[in-house]
Amino acid sequence: MRPVPTLALVASLLAGGVLLGACGIPLDHAAQPVPRSRVPDGLLGAPTPTTTTMPEDSTRAVPIGIYFMNSAGTRLVETFARVQPPPTAVEALDLLAYGPTAADSKHGLRTGLSPQSTPRVKVDRQTGIAVVALDSATYYLLGSQEYQALAQIVYTVTDPQFGVHAVQFTYAGAPALAYLPDGQYTQYPVGRSAYAALAPPTVRPATVTTSTRARIPPAL
C-alpha cells in the first residue's frame, strides 16, 4: 500500500515544479525539436569534405600536326590535334601511334603503322635530334609500308615547335636502318627532306576546333 505523502513532502514537490517551470523546461508537453541553428558547434559532427575539379582550359590549347597517308598511299596528309601547352614530341608520337580518328578515316586517311606500334621518342634539344625507339611491330615492316610509317614518324616528330630537325631510329638500343625512297637504307639521322617524295600539301586549315585533343579536319 502506497503511503500518503505528508504536507511537507507535497510542499517540496510543488516548489520544485515552480523552479523547473521558471527554468523554461515544460512540465506538461512532449520533448520539442531544437532548431539546427541553435545547436552548438561540434555537436553535429565534422562537415563532409568536398572536392572541386577545375576543367582544362581548352582556350589555351595549341595545335600540333599529326601526319597520315592519303587513301592512295602517295603522299602524307597533315591533320591537327589540340593539346595543352607546351606541346611535346612525345604527345605527337602517341597520337600518331593511336591512328586515324573516325573523322580522319572518313576523309580517306590511313596509317602505315600497325595497330600494335608503340614507338618511343626522346629529344636532345642541344643537337635538335629526336631518338625514336622502334618496337618490333614497326621495325619489321617491309617495303612501301615501312617507308610510309617512317615518313609519318619523321614529319610528325620534326614539328618546328619541338625544336627537332632530324630523327635517329633505334631498335633494341642500337641504331636502326631507315628505309629511303630510292630503295636504300641509312643508319644516320634523317629529316623531312629524306621523305620529300611524300611531302604533304602546304595548305593548312584556316580554323581550328576548341576541344582539347580534337582533330581538325585535314586539307586534302
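The numbers here are math on the coordinates, done by the rules we state, and not lab data. Just so it is clear, the model here is predicted, and its values are computed rather than measured. FYI the Cβ positions are ideal-geometry reconstructions off the backbone, even for glycines, and counts take in every protein chain you see.
Brief remarks follow.
- The stretch 58-216, dipole about Cα centre (Lys/Arg Cβ +1, Asp/Glu Cβ -1), debye to the nearest 20: 440
- Beta bridge orientation in the stretch 104-212: antiparallel %, DSSP, nearest 5: 60
- Average Cα contact separation per residue, the stretch 58-216, under 8 Å, 6 or more apart, as relative contact order %: 26
- Size of charge dipole - the stretch 104-170 - debye, nearest 20, with Cβ of Lys, Arg +1 and Asp, Glu -1, no other charges: 100
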